[in-house]
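**Student:** Take this structure first; my questions come after.
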Amino acid sequence: MTRPIVVFGAGEIAEVAAFYFERTLSRTVAAFTVDAAYLKEPTHFGRPVLPFEEVARRFDPAEHDGFVALSYARMNRVRADKVAAMRGAGYRLTSYVSPKANVFTDAIGDNCLILENNTVQPFTRIGENVVLWSGNHIGHHSIIEDNVFVSSHVVVSGSCRIGANSFLGVNVTVTDHVTIAPFTLAGAGVPIASDTEPEGVYVLPFSAEKRAVPSTRLKRL
């Protein structure tokens, strides 16, 4: 018997995650939770919203799973911090894998969100706290490390490694045997044909060359 879920977050990604859990897997979302300082409304999406500092008293971690549904803010560090906090509160973290995704690996970590029309080929490994938005291709023998956010229509070719805390924008293409270093930010449409540098920022329209400001110092990600 599957357990109801407490979702950390109360924004659009939390709404999307709750929709998918309930509509496609028939899993109940019992409540949302946020840090007390960010609590704006007592309900959201038809569910109670509780301060994180109180949620475990109302929704027992022994009877509920947890899921952190946040964005790629601060190169996914915010989401990673809340994964640790949910575990610290005693919640077992679940993952969502769409029934309409073609996934040919069992090596998927906790707190992953894998939406429809993803193709994940054999011999791949997906770390924990990874988001694969809709319609990506993850090639055979590739590894996606922890705390990564992959937007839509990204192609990761065979035998690649996507480093921890990276962000791949819409329509990024990574060619075979390339290593994306940790904390790489690849903007929409960027082709990556060689290894990146840690905290590198690679954006169009002018070129896919690394930018001078490291990804961890950007104000809007």
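**Student:** Scan (1) in contact with an Asp or Glu (Cβ under 8 Å, 6 or more places away or on another chain); (2) assigned by TED's automatic domain parsing to the domain that holds residue 119 for the single condition residue 107 breaks and write down its number.
**Tutor:** (1)
**Student:** Residues of segment 83-109 being in a loop (DSSP other than H, G, I, E, B) and more than 19 Å from residue 32 (Cβ to Cβ), which ones? Give the steps one after another, and end with the answer.
**Tutor:** First pass over segment 83-109, keeping only residues in a loop (DSSP other than H, G, I, E, B): 89-91, 94-95, 98-101, 104-107, 109.
Across segment 83-109, the qualifying residues are 98, 99, 100, 101, 104, 105, 106, 107, 109.
Matching residues to (1) assigned by TED's automatic domain parsing to the domain that holds residue 85; (2) aromatic (Phe, Trp, Tyr); (3) assigned to a helix (DSSP H, G or I); (4) touching a Cys at 6+ places or on another chain (Cβ under 8 Å):
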| residue | (1), (2), (3), (4) |
| --- | --- |
| 13 | yes, no, yes, no |
| 27 | yes, no, no, no |
| 32 | yes, yes, no, no |
| 50 | yes, no, no, no |
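**Student:** Counting just the residues of segment 44-56 that are under 9 Å from residue 10 (Cα atoms) and at pLDDT below 95, which one comes out surrounded by the fewest Cβ atoms within 10 Å (Cβ to Cβ)? Break it down stepwise before answering.
**Tutor:** Quick first cut of segment 44-56, residues under 9 Å from residue 10 (Cα atoms) only: 44-45, 49.
The next check asks that each one be at pLDDT below 95; those that pass are 44-45.
Values: 44: 20, 45: 14.
Per the stated criteria, the residue is 45.
**Student:** So residue 117 passes all but one of these: (1) closer than 20 Å to residue 16 by Cα; (2) touching a residue at least 40 places away in the same chain (Cβ under 8 Å); (3) part of a loop (DSSP other than H, G, I, E, B); (4) not acidic (Asp, Glu). Which condition number does it fail?
**Tutor:** Only one criterion is unmet by residue 117, namely (2).
**Student:** Now, a different point. Given the residues 187, 163, 139, which is the only one that is crowded, with 18+ Cβ neighbours inside 10 Å and out of contact with any Ser or Thr (no Cβ under 7 Å at 6 or more places or on another chain)?
**Tutor:** Numbers: 163 fails: out of contact with any Ser or Thr (no Cβ under 7 Å at 6 or more places or on another chain); 139 fails: out of contact with any Ser or Thr (no Cβ under 7 Å at 6 or more places or on another chain).
Going through 187, 163, 139 in turn, the sole match is 187.
**Student:** Let me ask something else about it. Could you check, for segment 57-69, whether at least one of its residues is surrounded by 14 or more Cβ atoms within 10 Å (Cβ to Cβ), touching a residue at least 60 places away in the same chain (Cβ under 8 Å), in the same structural domain as residue 86 (by TED's automatic domain parsing) and out of contact with any strand residue (DSSP E or B) (no Cβ under 8 Å at 6 or more places or on another chain)?
**Tutor:** Checked segment 57-69: no residue is surrounded by 14 or more Cβ atoms within 10 Å (Cβ to Cβ), touching a residue at least 60 places away in the same chain (Cβ under 8 Å), in the same structural domain as residue 86 (by TED's automatic domain parsing) and out of contact with any strand residue (DSSP E or B) (no Cβ under 8 Å at 6 or more places or on another chain).
**Student:** Identify all residues within segment 158-183 that are closer than 14 Å to residue 139 by Cβ and aliphatic (A, V, I, L, M); write none if there are none.
**Tutor:** Within segment 158-183, 162, 168, 172, 174, 178, 180 qualify.
**Student:** What is the residue count in segment 68-82 for residues that are assigned to a helix (DSSP H, G or I) and of a type in the set (A, V, I, L, M)?
**Tutor:** Of all residues in segment 68-82, those assigned to a helix (DSSP H, G or I) come to 77-82.
If we keep only those that are of a type in the set (A, V, I, L, M) as well, we get 78, 80.
Residues in segment 68-82 being assigned to a helix (DSSP H, G or I) and of a type in the set (A, V, I, L, M): 2 in total.
The values are calculated or read from the model by the stated rules, or taken from the named source; none is laboratory data. From a predicted model like this one, the values you see are computed outputs, not experimental measurements. Note that each Cβ is placed from the backbone with ideal geometry, even for glycine, and that neighbours are counted across all protein chains shown.
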